[in-house]
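Data block below; observations after.
The values are calculated or read from the model by the stated rules, or taken from the named source; none is laboratory data. In this text the structure is predicted, and so the values were computed from the model without any measurement. Every residue, glycine as well, gets a Cβ built from its backbone with ideal geometry; the counts of neighbours run over all protein chains shown.
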Amino acid sequence: MIKPIHILFAAAAMILCQNSAFAGTAINDSVYLFTSFRDADQKFLRFLYSFDGYHWTNVPGIFLEANVGASKKFRDPSILRGPDGTFHLVWTAGWHGEQGFGYAESKDLIHWSPQQLVPVMTNEPTTVNVWAPELFYDARENDFIIVWASTIPGRFPDQQEKHDNNHRLYFTTTRDFKNFKLSKLFFDSGFSVIDPFILTTGEGYALVCKDNSRPNLDLRVAFAQSPVGPWKKVSEPFTQKYTEGPCALKIGESWLIYFDAYREKIYGAVKTRDFKNFSDVTKEVNFPEGHKHGTAIRVPRDLLDGLLKNSESNTKTNL
């Protein structure tokens, strides 16, 4: 099994040498990782990897089993590497009834700290849920920002939404994942919204999110000069109906925004340079069957080597 992996790495080097996103970096030193889960179990952290951002392969096995929250669910994993090299992972711990999200940290993506449920919405006791927490590091303030979707019944006009399914985005910040600021409203543009993803553009910040209102159920983008808003100039939808779970990677001069087309049971993508003009590149990307949305990041290749070696040696994880 080792020999084919080395052959694959060598072939991928030819792809990376043409990718300006890796300028100044040795061609074999980086790889993209995508956090993943499966609807069938909603229990385990999984990974995909790619050398070009278009073609994704499963890392065999599972790397964390959720054990916090009433239902001990594991959905929507978001990962970020802090300035000290530590990976921080947050996830949806339950569909309803939870007022916090799951959290764990790791240096190598294999060995994880004890998990904890971070109770971010206990200041709003009628909160129905905490969905799809997403991480962003604000280097200017040395803060980790965590954004998620919650419904507080009666807080906003329901319009066509059910009383317990009318979401807005909320956030907290932390520097150590031990002390968290009081949660606040992050984004309200008059419609139910879930699945936030913050990214840095050349002109400020963009927030990609799902317009979860009926009858839309598609992706939009908003803009700000700060990663905590205020968010303005909300775009028209740029994906088809029944899409969610966006995340993005900068590949060369363009951004790829990935999304889960959950009715079609496929993973798609659009490409953009300015977040105003979008081209559908779904036919150019491929993902393993069963992949559900997480976040994609760029990491040193030796981390992937470690994940693959762990999968080979630990038969318990080969699920």
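Answer with yes or no whether T172 is closer than 24 Å to D52 by Cα and not basic (K, R).
For T172, the condition - closer than 24 Å to D52 by Cα and not basic (K, R) - is not met.
Quick one: V299 ticks every box in (1) assigned to a strand (DSSP E or B); (2) surrounded by fewer than 18 Cβ atoms within 10 Å (Cβ to Cβ) except a single one, so which number is it?
Going through the list (1) assigned to a strand (DSSP E or B); (2) surrounded by fewer than 18 Cβ atoms within 10 Å (Cβ to Cβ), V299 breaks only (2).
Going residue by residue through the range 76-87, is there one that turns out to be acidic (D, E), free of Cβ contacts under 8 Å to residues at least 60 places away in the same chain and either farther than 22 Å from H163 by Cβ or crowded, with 23+ Cβ neighbours inside 10 Å (or both)?
Yes - at least one qualifying residue is present in the range 76-87.
Listed here are the residues, each with its yes/no results for (1) of a type in the set (S, T, N, Q); (2) within 21 Å of Y267 (Cβ to Cβ).
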site: F37; (1), (2): no, yes
site: G61; (1), (2): no, yes
site: G69; (1), (2): no, no
site: P77; (1), (2): no, yes
site: G82; (1), (2): no, no
site: T86; (1), (2): yes, no
site: T92; (1), (2): yes, yes
site: E98; (1), (2): no, no
site: Y103; (1), (2): no, no
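So A40 clears everything in (1) at pLDDT 95 or above; (2) surrounded by fewer than 21 Cβ atoms within 10 Å (Cβ to Cβ); (3) closer than 30 Å to Y262 by Cβ except one condition, right? Which one?
(1)
Report yes if some residue within the range 194-210 is surrounded by fewer than 18 Cβ atoms within 10 Å (Cβ to Cβ), part of a loop (DSSP other than H, G, I, E, B) and modelled with pLDDT under 95; otherwise report no.
Yes, the range 194-210 contains a residue that is surrounded by fewer than 18 Cβ atoms within 10 Å (Cβ to Cβ), part of a loop (DSSP other than H, G, I, E, B) and modelled with pLDDT under 95.
Given G294, G190, G229, G290, which one is at positive phi, under 17 Å from the mean Cα position of the chain (by Cα) and either part of a loop (DSSP other than H, G, I, E, B) or β-branched (V, I, T) (or both)?
G290
Counting only residues that are of a type outside the set (K, R) and not in a loop (DSSP other than H, G, I, E, B), how many does the range 79-122 have?
Counting residues in the range 79-122 that are of a type outside the set (K, R) and not in a loop (DSSP other than H, G, I, E, B) gives 18.
Quick check on my filter: what residues within the range 271-291 are in contact with a strand residue (DSSP E or B) (Cβ under 7 Å, 6 or more places away or on another chain), closer than 24 Å to R46 by Cβ and either in contact (Cβ under 8 Å) with a residue 24 or more places away in the chain or surrounded by fewer than 17 Cβ atoms within 10 Å (Cβ to Cβ) (or both)?
V281, V285, N286, F287, P288, H291
Just one of Y54, Y103 is on the phi < 0 side of the Ramachandran plot and within 15 Å of the chain's Cα centre (by Cα); which is it?
Testing whether each residue is on the phi < 0 side of the Ramachandran plot and within 15 Å of the chain's Cα centre (by Cα) leaves just Y103.
Hey, among P230, P246, which residue is over 16 Å from H293 (Cα atoms) and at pLDDT 95 or above?
When all the criteria are applied, what remains is P230.
Could you check how many residues of the range 257-270 are loosely packed, with under 14 Cβ neighbours inside 10 Å and either under 14 Å from Y54 (Cα atoms) or under 17 Å from the mean Cα position of the chain (by Cα) (or both)?
0
With the requirement that a residue be touching a residue at least 40 places away in the same chain (Cβ under 8 Å) and buried (at least 17 other Cβ atoms within 10 Å of the Cβ), what does the range 119-136 give you?
Listed by number, the residues that qualify are V120, M121, W131, A132, P133, E134, L135, F136.
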